[in-house]
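Here's the structure, in structure tokens; my notes come after.
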Amino acid sequence: MSELSKEEFEGAVANWWYRLQNDSGSSARLRHQSDIIGIQTVAAFYDLVRALPQIDTDVLACIAMVLSHVEADSKEKVAVRMGKKTSSADHVVSEIRFNKLISLDLEGLSRELVRVLPIIDNTLNIRALATDLRYWNYESQISKKRWLNDFYLA
């Protein structure tokens, strides 16, 4: 099986998310799950697995967990949205909370992001988030480094 390009991966995730927006029942069932096993009990999740069979199911479950709570797609990446300054010169998401996110493994990050999403209006770039989550646990820590730059340079 050939390597999946970034565009193919992001396109498949985006298509799944856009279809999910028109299926309130499946969307609600996914939002009510608190871990990746729960996500894997929802039939709509397997549409994502069928679209991306070469991607680890646990990684896809983490992506589905977070994206089921996203209400709007945006051009802004999640760490940029978290790092924006408020009128009091603080970040939208505190540095302490953000640094905790950076320290988590993929499943822990996914659960915490669900809690952070309302702070950023449940809006983010779904394609960029999917790619960041896909590579979150990689040894190179490329996603974490990108988030740090996005947060502090927002």
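The GluC sites (Glu not before Pro) of region 47-148 meeting both criteria, a DSSP state outside H, G, I, E and B (loop) and at most 12 other C-beta atoms within 10 angstrom of the site's C-beta, are GLU71, GLU139.
Extension gain, ARG19-LEU4: 0.36 nm per intervening residue step, less the Cα-Cα distance, totals 3.3 nm.
Stokes-Einstein diffusion of the chain at 10 °C, 1.306 mPa s viscosity, Kirkwood radius from Cα pairs, rounded to a whole number: 101 µm²/s. Other residues whose C-beta falls under 12 angstrom from the C-beta of ILE63 contribute a net charge of -3, scoring Lys and Arg +1 and Asp and Glu -1. Our note on the geometry: Cα centres of region 75-100 and region 128-154, 15 Å apart. Helix 57-67: angle to the longest alpha-carbon principal axis of the chain, degrees 0 to 90, nearest 10? Approximately 60 degrees, to the nearest 10.
Rg then Dmax, both in Å and based on the Cα atoms of region 1-90: 14.8, 51. Helical runs (DSSP H, four residues minimum) scored at -39500 (n - 2.57) apiece and divided by the length of the chain put the mean residue ellipticity at 222 nm at -17000 deg cm²/dmol. Near SER74, the amide H atoms lying under 5 Å from its own belong to LEU124, ASN125, ILE126; only residues 5 or more places off or on other chains count, and H is placed 1.01 Å from N.
Quotient of the Cα radius of gyration of region 62-129 and 2.2 N^0.38 Å, N being its number of residues: 1.04.
Taking the C-alpha atoms only, the angle from helix 106-116 to the longest principal axis of the chain is near 60 degrees. Taking the average, over residues, of other Cβ atoms within 10 Å as the packing measure, peptides 77-85, 117-125, 31-39 rank 77-85, 117-125, 31-39 from highest down.
Every number in this text was worked out from the coordinates using simple rules, so none of it is lab data. What you are looking at is a predicted structure, and each value in this text was computed from that prediction instead of being measured. Every residue, glycine among them, receives a Cβ derived from its backbone with ideal geometry; neighbour counts consider all protein chains shown.
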